[in-house]
């Protein structure tokens with residue numbers, strides 16, 4: 001029996017186990033199972049592999065996406081550039097770290113892109129923003145990061161002028177603003193400057209339509225939430241484990 005799993009802490013609301021258990025049932029995959037491993041500290045990580053010799057791959061969630069790095073032998077280009085791992089494959093006794101958020105985001109965004117979508121605003125500068133930045137670079141889309149705290153190369157929300165909005169026709173929300181239960185929150189951008197040329201992408205998927213998306217749709221913009229990205233990054237893990 002091939003074993004896969006998820007590490008993080010806590011894991012009470014894990015998407016992954018439900019997704020893979022359902023996938024295995026739906027596709028008639030009878031030689032695989034997927035388990036949650038809620039380890040209270042990353043120091044328990046090596047034990048998992050020793051205790052479960054049939055363990056072939058793992059997903060990684062908060063708070064271990066960076067803490068797991070010293071335990072791995074190899075990294076994909078994306079994982080190395082982003083400095084975060086959310087998928088691990090064991091092959092020949094060695095562990096390789098990957099970042100499938102990049103794949104999920106890219107595959108989800110690609111079908112929506114129009115020729116004029118050449119510049120993006122990335123709202124937020126946390127871990128999720130790093131994956132988005134890497135994906136946009138791969139797609140040849142220039143970006144500007146917007147943050148409440150100043151980092152090198154970012155601009156403040158107050159600096160988003162009408163000209164900035166006109167130029168940046170893709171807007172990606174990587175912040176938790178608007179996530180359930182705080183559904184009345186939205187990133188403080190000038191929504192009145194949004195047009196039908198804009199594409200608003202929200203990494204949040206609960207609620208299905210955030211206030212950010214609603215305000216964009218009211219102005220004629222194309223909008224998308226992060227649910228498909230979540231599914232596609234999980235499918236990308238499966239591809240990696242079976243490559």
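Descriptive notes on the structure:
- Residue in the range 106-120 that is touching a helix residue (DSSP H, G or I) at 6+ places or on another chain (Cβ under 7 Å) and assigned to a loop (DSSP other than H, G, I, E, B) present: no
- Put simply, of 142, 163, 78 the only residue that is touching a helix residue (DSSP H, G or I) at 6+ places or on another chain (Cβ under 6 Å) and modelled with pLDDT of 95 or more is 78.
- Residue, surrounded by the most Cβ atoms within 10 Å (Cβ to Cβ), within the range 178-188, restricted to residues that are without any contact (Cβ under 8 Å) to a residue 40 or more places away in the chain and touching a helix residue (DSSP H, G or I) at 6+ places or on another chain (Cβ under 8 Å): 178
- Residues located in the range 189-218, provided they are surrounded by 16 or more Cβ atoms within 10 Å (Cβ to Cβ), assigned to a loop (DSSP other than H, G, I, E, B) and more than 18 Å from the chain's Cα centre (by Cα): 189, 194, 198
- Test for residue 59: is it touching a helix residue (DSSP H, G or I) at 6+ places or on another chain (Cβ under 6 Å), touching a residue at least 40 places away in the same chain (Cβ under 8 Å) and part of a strand (DSSP E or B): yes
The values are calculated or read from the model by the stated rules, or taken from the named source; none is laboratory data. Owing to the predicted nature of the structure, the values given are computational and were not obtained by experimental measurement. Virtual Cβ from ideal backbone geometry, glycine too; neighbours counted across all protein chains shown.
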